[in-house]
1. Within segment 17-51, track down each residue that is in a loop (DSSP other than H, G, I, E, B) and under 17 Å from the mean Cα position of the chain (by Cα).
2. Please enumerate the residues belonging to segment 95-107 that are under 26 Å from PRO72 (Cβ atoms) and surrounded by fewer than 12 Cβ atoms within 10 Å (Cβ to Cβ).
3. Return yes or no: is THR80 surrounded by 16 or more Cβ atoms within 10 Å (Cβ to Cβ) and not hydrophobic (A, V, I, L, M, F, W, C)?
4. Write out, first by first residue and then by second, each pair whose Cβ atoms fall under 6 Å of each other, whose residues are 6+ apart or on separate chains, and whose first residue, in segment 21-41, is farther than 28 Å from TRP69 by Cβ and free of Cβ contacts under 8 Å to residues at least 60 places away in the same chain while the second is of a type outside the set (Lys, Arg) and in a loop (DSSP other than H, G, I, E, B).
5. Out of all the residues in segment 1-56, which are modelled with pLDDT under 90, over 22 Å from GLN84 (Cα atoms) and among the hydroxyl-bearing types (Ser, Thr, Tyr)?
6. So which of ALA71, ALA91 is out of contact with any His (no Cβ under 6 Å at 6 or more places or on another chain), of a type outside the set (Lys, Arg), within 17 Å of LEU6 (Cβ to Cβ) and surrounded by 16 or more Cβ atoms within 10 Å (Cβ to Cβ)?
7. Among (1) modelled with pLDDT under 90; (2) under 22 Å from ASP104 (Cβ atoms); (3) within 16 Å of the chain's Cα centre (by Cα); (4) not in a loop (DSSP other than H, G, I, E, B), which single condition is LEU59 missing?
8. I need the full set of residues from segment 71-116 which are at pLDDT 95 or above and assigned to a loop (DSSP other than H, G, I, E, B), in order please.
Amino acid sequence: MYEGDLYEPLPGDLRGRVGVLLANVPYVPTRDVGLLPAEARVHEARVALDGGSDGLDVLRWVTAGAPRWLAPGGHLLFETSEGQVPAAVDAVEQAGLTARVVEDEELYATVVIGTRSRLAARERSA
């Protein structure tokens, strides 16, 4: 197990070799944390809930670093809220990944998947 600040503790030999990167990032805007149900607000660490002014601060950090760690064809997955999808997709695309959104109405879940191009290895060696 590796503990630390996002990618910092990971061994360097994993760069460019990760097939699936699942990030459980906080996505609640700071102003809304106090509105969460008590089971989340009281029992979860604030850092696990508070995603910054628009809820996407940590997400932007994760997406910016993901291409260095993902293997060609590798995927970054994270949950976000329905209202944050456009900004989350933009963050994924700004990082150079292809974005796709998957929703599960039964679970009330929205997941954004960012995929690194399979051409990335060829582009890097050219």
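1. Within segment 17-51, the first condition is being in a loop (DSSP other than H, G, I, E, B), and the residues that meet it are 17, 24-27, 29, 36-37, 42-45, 49, 51.
Correct list: ASN24, VAL25, PRO26, TYR27, PRO29, LEU49, GLY51.
2. Within segment 95-107, the subset under 26 Å from PRO72 (Cβ atoms) is 95-102.
Listed by number, the list holds a single entry, VAL102.
3. Details: surrounded by 16 or more Cβ atoms within 10 Å (Cβ to Cβ): yes; not hydrophobic (A, V, I, L, M, F, W, C): yes.
So THR80 passes the test.
4. The qualifying pairs are VAL33/LEU49.
5. TYR2
6. Values: ALA71 fails: within 17 Å of LEU6 (Cβ to Cβ).
The conditions single out ALA91.
7. Failed condition: (1).
8. Answer for segment 71-116, where residues must be at pLDDT 95 or above and assigned to a loop (DSSP other than H, G, I, E, B): ALA95, GLY96, LEU97, ARG116.
The values are calculated or read from the model by the stated rules, or taken from the named source; none is laboratory data. Keep in mind that this is a model prediction, so the values were computed, not measured. No Cβ is skipped: glycine too gets one built from the backbone with ideal geometry, and neighbour counts run over all protein chains shown.
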